[in-house]
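Asker: Quick one: the structure is below, questions incoming.
Just so you know, all these numbers are worked out from the coordinates, no wet-lab data involved. Please read these numbers as outputs of a predicted model, since none were measured by experiment. So basically every Cβ, Gly included, is an ideal-geometry build from the backbone, and we count neighbours across all protein chains shown.
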Amino acid sequence: MPTADAATRQAFAALEARSGARVGVVALDTGDGHAIGYHADERFAFASTNKVFIAAAVLDAATGSDLDEVVHYDRGDLLSYAPVTRPAVDTGLTVRQLVDAAVRSSDNTAANLLVERLGGVEAVSRWLRSTGDDVTDVSRTEPDLNTAVPGDRRDTTTPAQSATDLRAVLLGDVLDADDRALLLGSMRGTTTGDGTIRAGVDPAWTVADKTGTASYGVRNDVAVVTPPGRDPIVLVVMTSHPAPDAEPSDALVAEATRTAVERLGATTGG
């Protein structure tokens with residue numbers, strides 16, 4: 001379980017005091033196994049970070065021909081945030097394209113179509129349980145899962161569990177090599193994370209991430225970051241505020257990332 005020494009706790013507590021936010025962090029160096037955590041076992045709304053695991057569940061169940069199957073949908077299926085699915089409503093998209101849209105562009109319609117393909121949120125939960133995750137709660141689809149009311153267990157996880165799941169999916173053997181490469185490729189090309197974890201690490205590092213945003217100022221990012229010549233680091237940053245209309249902050253996630261990397265000792269020369 002990730003722990004934090006006094007200096008690490010003090011650094012993150014100071015960040016919370018400056019921002020008025022609650023911050024949860026896990027950073028794990030897969031090379032030496034060293035990990036740090038702050039509020040690592042507290043529940044946070046996962047928001048769109050869970051699209052990684054929806055996509056992973058679909059990939060795990062699919063054959064190559066399944067991924068090339070075209071999924072048709074109509075305008076009634078389109079949610080307000082549908083940057084990829086909306087332009088393709090007349091032609092449909094392949095399962096492979098839906099996976100990429102949900103992860104790379106955080107397309108909400110794509111995510112819901114993938115959940116439907118799996119058999120609903122209960123199927124996503126069953127898949128997570130099959131990987132050993134008995135913590136994450138998956139109760140709703142987009143956009144309802146983004147209410148993020150404090151104390152509501154629905155659609156929440158912990159930074160520690162998210163980090164465990166991310167490592168298993170992206171660096172472990174939960175997915176086969178082709179599926180893992182597809183998912184990593186989409187995450188490396190994400191269009192929503194320039195100001196979050198990517199902004200908090202050295203530009204020379206490779207970042208594969210998935211962000212999430214919800215009410216109560218929720219702004220999250222989960223990632224595998226790889227310094228040149230080093231083993232990957234699994235990094236999870238989750239943030240929330242007490243007010244329902246609080247603005248989510250990319251800068252807060254970036255600062256928490258910098259603090260985590262510094263406290264982990266993961267510098268480019270380290």
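Asker: Identify the single condition in (1) surrounded by fewer than 23 Cβ atoms within 10 Å (Cβ to Cβ); (2) assigned to a helix (DSSP H, G or I); (3) touching a Ser or Thr at 6+ places or on another chain (Cβ under 8 Å) that A256 does not satisfy, given that it satisfies every other one.
Answerer: A256 satisfies every listed condition except (1).
Every residue, every condition in (1) among the β-branched types (V, I, T); (2) under 15 Å from T190 (Cα atoms); (3) in a loop (DSSP other than H, G, I, E, B), yes or no:
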| residue | (1), (2), (3) |
| --- | --- |
| V52 | yes, yes, no |
| A55 | no, yes, no |
| S80 | no, no, yes |
| P87 | no, no, yes |
| D90 | no, no, yes |
| Q97 | no, yes, no |
| D100 | no, yes, no |
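Asker: Can you tell me how many residues within region 241-253 are assigned to a helix (DSSP H, G or I) and farther than 26 Å from A35 by Cβ?
Answerer: Summing the residues that are assigned to a helix (DSSP H, G or I) and farther than 26 Å from A35 by Cβ in region 241-253 gives 0.
Asker: A further question on this structure: Quick one: how many residues across region 125-155 are within 15 Å of the chain's Cα centre (by Cα) and part of a helix (DSSP H, G or I)?
Answerer: 3
Asker: Looking for something in contact with a Lys or Arg (Cβ under 8 Å, 6 or more places away or on another chain), buried (at least 18 other Cβ atoms within 10 Å of the Cβ) and not in a helix (DSSP H, G or I) - is there at least one such residue anywhere in region 19-27?
Answerer: Within region 19-27, one or more residues are in contact with a Lys or Arg (Cβ under 8 Å, 6 or more places away or on another chain), buried (at least 18 other Cβ atoms within 10 Å of the Cβ) and not in a helix (DSSP H, G or I).
Asker: May I pose another question? Quick one: in region 89-136, which of the residues that are within 23 Å of R153 (Cα to Cα) and of a type in the set (K, R) is surrounded by the fewest Cβ atoms within 10 Å (Cβ to Cβ)?
Answerer: Across region 89-136, the extreme among qualifying residues is R129.
Asker: Pull out all pairs, ordered by first then second residue, where Cβ-Cβ is under 8 Å, the residues are six or more apart or on different chains, the first lies in region 60-78 and is on the phi < 0 side of the Ramachandran plot and surrounded by 10 or more Cβ atoms within 10 Å (Cβ to Cβ), and the second is outside any helix (DSSP H, G or I) and of a type in the set (A, V, I, L, M, F, W, C).
Answerer: Close Cβ pairs satisfying both conditions: D60/V174; D60/L175; V70/L93; V71/L93; Y73/V89; L78/V89.
Asker: Among the residues of region 188-221, what is the count of those that are buried (at least 23 other Cβ atoms within 10 Å of the Cβ) and in a helix (DSSP H, G or I)?
Answerer: Within region 188-221, residues that are buried (at least 23 other Cβ atoms within 10 Å of the Cβ) and in a helix (DSSP H, G or I) number 2.
Asker: Are any residues in region 216-230 within 23 Å of L170 (Cα to Cα) and in contact with a strand residue (DSSP E or B) (Cβ under 7 Å, 6 or more places away or on another chain), and if so, which ones?
Answerer: Residues satisfying the conditions are R219, N220, D221, V222, A223, V224, V225, T226.
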